[in-house]
Amino acid sequence: MLERDAEVGRMRTLFAAAARGQGGVVLIEGPAGIGKSALAAAARRLGRTAGCRVLSARGSRLEQRSGYGVLRQLVEPVLLGADTAQRVRLLRGPAHRALALLDSHLDGPAPGDPGAFHVLYRLLVNVAKAGPVALVVDDVHWADDPSLRVFLHMLPGMAELPLAMVLAGRPAAAPGPCSALAADPAGTVLRPAPLTPAATA
């Protein structure tokens, strides 16, 4: 990628740390057309190269009112692809409520219940116990609020987990979960500069 060495280097460091059991968060923030989706695609490749299991999702206006729409994109392939023994491990502990919780809000908004956030956080922790995981979410500015609040709930414990998260989106237009993610000291915000004329050419 042209003129994105700093961003690629930071993500490479993030995934290498996650592979050692030290998770973290990178938020790629910028206006439309700056190259956030290209960096999210690079994040998926870098995560795989680092030995992480890559789970990806994309925010959508159509899913904004759906409870845990983005989180469902991340975890459903894992659960559906698991055999019986793997599913038992994934749903161990508080995570045993995860499937019922996701299904109950399939067609409507999810409540702002910290207990529910913890259930889904524990599901992601169980996924990471099988090996380092990279969560990559593009268009995070269109993600549903409940999924974003789960990500916020995860931040305090990320440094002790083999779990890396890359979120790409436009700057928050108003105070809310997106702006809280950008302001949290546990994360790193990358703001790609416009390409020079030479790189554009």
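Points 7 angstrom from Cα along the Cβ direction at Val8 and Arg170: gap in nanometres?
Once both label points are built, they end up 2.8 nm from each other.
Given springs between every Cα pair under 10 Å in a Gaussian network model of the chain, which of Leu80, Leu120, Leu102 has the largest fluctuation?
Leu80
Can you give me the % of accessible surface on the chain that is carbon or sulfur? Probe 1.4 Å, all protein chains present, nothing else counted.
Values: 5320 of 9610 Å².
Carbon plus sulfur share of accessible area: 55 percent.
Does region 1-130 classify as rounded, prolate or oblate by the C-alpha gyration tensor (a ≥ b ≥ c root eigenvalues; a/c under 1.5 gives rounded; else a/b over b/c gives prolate, otherwise oblate)?
Working: a/c = 2.29, a/b = 1.40, b/c = 1.64.
Note, shape of region 1-130 comes out oblate.
Can you list residues from other chains, or at least 5 along the same chain, whose modelled amide H is less than 5 Å from the amide H of Val54?
Result for Val54 returns Ala134.
Could you state the accessible area per residue of the chain in Å², with a 1.4 Å probe and every protein chain left in place? Before the final figure, lay out the partial values.
Details: 9610 Å² over 201 residues.
That works out to 48 Å² per residue.
Taking amide H positions as placed 1.01 Å from N in the peptide plane, with prolines and chain starts having none, which residues 5 or more places from Tyr68, or on another chain, fall under 5 Å of its amide H?
Ala110, Ser147
Which of these, Gly30, Gly176, Gly21, has the largest mean-square fluctuation under a Gaussian network model of the chain (Cα springs below 10 Å)?
The residue that fluctuates most here is Gly176.
I'd like to compare 163-174, 41-52, 83-94: which one has the highest average count of other Cβ atoms within 10 Å, and what's the full order after that?
Packing order, densest peptide first, comes out as 163-174, 41-52, 83-94.
Pick out which of Pro177, Pro146, Pro185 has the largest mean-square fluctuation in a Gaussian network model of the chain, springs linking Cα atoms closer than 10 Å.
Highest fluctuation of the listed residues: Pro185.
Taking R0 as 25 Å, what FRET efficiency do you get between Arg65 and Ser179 from their Cβ-Cβ distance, rounded to the nearest 0.05?
On the way: r = 20 Å, r/R0 = 0.79.
Step by step, r from the Cβ atoms, then E = 0.80.
Can you give the helix-only mean residue ellipticity at 222 nm for the chain, where every DSSP H stretch with n ≥ 4 adds -39500 (n - 2.57) and the sum goes over all residues, rounded to the nearest 500 deg cm²/dmol? Walk me through the intermediate numbers first.
Values: 9 runs with 91 residues, N = 201.
Counting only the DSSP helices, I get -13500 deg cm²/dmol.
The values are calculated or read from the model by the stated rules, or taken from the named source; none is laboratory data. As the structure is a prediction and not an experimental result, all values here were calculated from the model. Counting neighbours? That spans all protein chains shown, and the Cβs are built from the backbone with ideal geometry, glycine included. These accessible areas exclude ligands, DNA and RNA; they are computed on the full protein's heavy atoms, side chains included. Shrake-Rupley method; radii C 1.70, N 1.55, O 1.52, S 1.80 Å.
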